[in-house]
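**Q** Here you go, one structure.
The values are calculated or read from the model by the stated rules, or taken from the named source; none is laboratory data. Values in this document were obtained by computation on a predicted structure and should not be read as measured data. Counting neighbours? That spans all protein chains shown, and the Cβs are built from the backbone with ideal geometry, glycine included. Protein only, heavy atoms only, side chains kept; ligands, DNA and RNA dropped before computing areas. Shrake-Rupley method; radii C 1.70, N 1.55, O 1.52, S 1.80 Å.
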Amino acid sequence: MYDSGLGVYGNKKLLDAAGVDYPKGVGDAWTAEEFTAALTALTAEDPDGDGKVLDVSENYGLATEWGTYGFSPVLWSAGGALLEDGRAAGVLDGPEAVSALTTVQSWKPYVDPNTDGNAFGKGRVALSWVGHWQYPAYSAALDEDLVVLPLPDFGNGTKTGQGSWAWGIGAGSKNGKAAGAFLDFLLDDGSVGAMTKANGAPPATHTALAKSELYRKGGPLQVFADQLAAPCGTRASGPSCVAVTRPVTAGYPVVTSEFGKALNAVYGGADPKTALSKAARAIDRDFADNDGYPLG
């Protein structure tokens, strides 16, 4: 019924005060270097003078699914991946991934820990790296000063996570016809519209999205819709696609657990190559123990 959106929310008033030009859409995302330069410029004009101008939703915990959803796009954008052909070694700990997380690590001095969840809404920071679910609160707090931006481009084009909770029919169901009728009801524009109005997520059907005040062309969250309109599937093949699906495998729990632990370690100061290689070995060991989690 709904998908998800990931990006950077910006405080236009603070960006303008610091003389920072910001992207107008998916096609002109900041490079990673430009993003870092923006952080430096914002620090010079930081209202409270503590130099903390970025929120990365640290309050959610980085060694969680938030860490994977929020920061695997950094790997994809750099040309790396969590998994490739069922293996993590060489991609999760490859030079592209290591370089990308080294850059993320360098941003920590600019980050407000956001322990109260109000770093962006209260104006303590100018940028917030988070998902669609924060739009209602941020919009209420900033009104016309709120801008929605794509994540920075690490060389392979801007990327975003996507996907959310879904309904399905069990292969062994004895009530397939009734379940199908229920799914038809759920995927009706009225039902999708009611759900996404309640939870703020991007409608997952073209017709419902076109009717959405938030996500339709010209809407305040059009960036998220534009990202989803350029799907990559599970492989971020190049700059022309944006929305990447997390690995579709029964082994995903170990993938996200190990990547989250590595991200958290790197953010805490660990060597990126060492942390990512440790995660890659743990993932590959688990997949080997489970015959690669074959389908069927």
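**Q** Taking the range 210-250 only, how many residues are farther than 21 Å from G157 by Cβ, buried (at least 18 other Cβ atoms within 10 Å of the Cβ) and in contact (Cβ under 8 Å) with a residue 40 or more places away in the chain?
**A** So the count comes out to 2.
**Q** Output yes when any residue across the range 25-33 is in contact with a strand residue (DSSP E or B) (Cβ under 6 Å, 6 or more places away or on another chain), within 21 Å of G123 (Cβ to Cβ) and open to solvent by 10 Å² or more (accessible area, probe 1.4 Å), and no when none is.
**A** We begin by selecting, within the range 25-33, every residue in contact with a strand residue (DSSP E or B) (Cβ under 6 Å, 6 or more places away or on another chain); these are 29, 31.
Next, only the ones that are within 21 Å of G123 (Cβ to Cβ) stay: none.
Among the residues of the range 25-33, not one is in contact with a strand residue (DSSP E or B) (Cβ under 6 Å, 6 or more places away or on another chain), within 21 Å of G123 (Cβ to Cβ) and open to solvent by 10 Å² or more (accessible area, probe 1.4 Å), which makes the answer no.
**Q** Among the residues of the range 275-296, write down those that are among the acidic types (D, E) and surrounded by fewer than 17 Cβ atoms within 10 Å (Cβ to Cβ).
**A** D289, D291
**Q** So, one more: Determine whether the range 89-109 contains at least one residue that is in contact (Cβ under 8 Å) with a residue 40 or more places away in the chain and over 22 Å from the mean Cα position of the chain (by Cα).
**A** Checked against the condition, which is being in contact (Cβ under 8 Å) with a residue 40 or more places away in the chain and over 22 Å from the mean Cα position of the chain (by Cα), the range 89-109 yields at least one hit.
**Q** While we're on this one: Just checking: which of the helices (runs of 4 or more DSSP H) contained wholly in the range 180-296 hold 2 or more residues that are of a type in the set (S, T, Y)? Give the steps one after another, and end with the answer.
**A** Working: elements: 189-199, 206-211, 222-228, 252-267, 272-289.
Because the criterion is at least 2 residues that are of a type in the set (S, T, Y), the helices (runs of 4 or more DSSP H) in the range 180-296 that meet it are 189-199, 252-267, 272-289.
**Q** If D48 satisfies every condition in (1) in contact (Cβ under 8 Å) with a residue 60 or more places away in the chain; (2) surrounded by 23 or more Cβ atoms within 10 Å (Cβ to Cβ); (3) out of contact with any Phe, Trp or Tyr (no Cβ under 8 Å at 6 or more places or on another chain) but one, which is the exception?
**A** (2)
**Q** Can you find even one residue in the range 266-274 that is touching a residue at least 12 places away in the same chain (Cβ under 8 Å) and loosely packed, with under 15 Cβ neighbours inside 10 Å? First the steps, then the outcome.
**A** The initial filter retains those residues of the range 266-274 that are touching a residue at least 12 places away in the same chain (Cβ under 8 Å), namely 266-267, 269, 272-273.
Filter once more, keeping what is loosely packed, with under 15 Cβ neighbours inside 10 Å: 269.
The answer is yes; a qualifying residue exists.
**Q** Pick out the one residue from N199, N114, N175, N118 that is touching a strand residue (DSSP E or B) at 6+ places or on another chain (Cβ under 9 Å), without any contact (Cβ under 8 Å) to a residue 60 or more places away in the chain and of a type in the set (S, T, N, Q).
**A** N114
**Q** Quick one: E84 ticks every box in (1) under 22 Å from Y293 (Cβ atoms); (2) touching a helix residue (DSSP H, G or I) at 6+ places or on another chain (Cβ under 8 Å) except a single one, so which number is it?
**A** Condition (2) is where E84 drops out.
**Q** Can you tell me which residue within the range 178-194, out of those that are exposed (fewer than 12 other Cβ atoms within 10 Å of the Cβ) and over 26 Å from L214 (Cα atoms), is farthest from the chain's Cα centre (by Cα)?
**A** A178
**Q** Any residue in the range 60-76 that is farther than 24 Å from G163 by Cβ, of a type outside the set (D, E, K, R) and within 17 Å of the chain's Cα centre (by Cα)?
**A** no
**Q** Further, regarding this structure: Within the range 8-21, which residues are within 9 Å of V147 (Cα to Cα) and open to solvent by 10 Å² or more (accessible area, probe 1.4 Å)?
**A** Across the range 8-21, the qualifying residues are N11, K12.
**Q** Related question: Looking at the range 252-259, is at least one residue at pLDDT 95 or above, surrounded by 13 or more Cβ atoms within 10 Å (Cβ to Cβ), aromatic (F, W, Y) and under 23 Å from H132 (Cβ atoms)? Quick ask: steps written out before the conclusion?
**A** Narrowing the range 252-259 to residues at pLDDT 95 or above: 252-259.
Filter once more, so that each one left must be surrounded by 13 or more Cβ atoms within 10 Å (Cβ to Cβ): 252, 254-259.
From what is left, the residues that are aromatic (F, W, Y) are 252, 259.
Adding the requirement that they be under 23 Å from H132 (Cβ atoms) leaves 252, 259.
Looking for residues that are at pLDDT 95 or above, surrounded by 13 or more Cβ atoms within 10 Å (Cβ to Cβ), aromatic (F, W, Y) and under 23 Å from H132 (Cβ atoms), one finds at least one in the range 252-259, hence yes.
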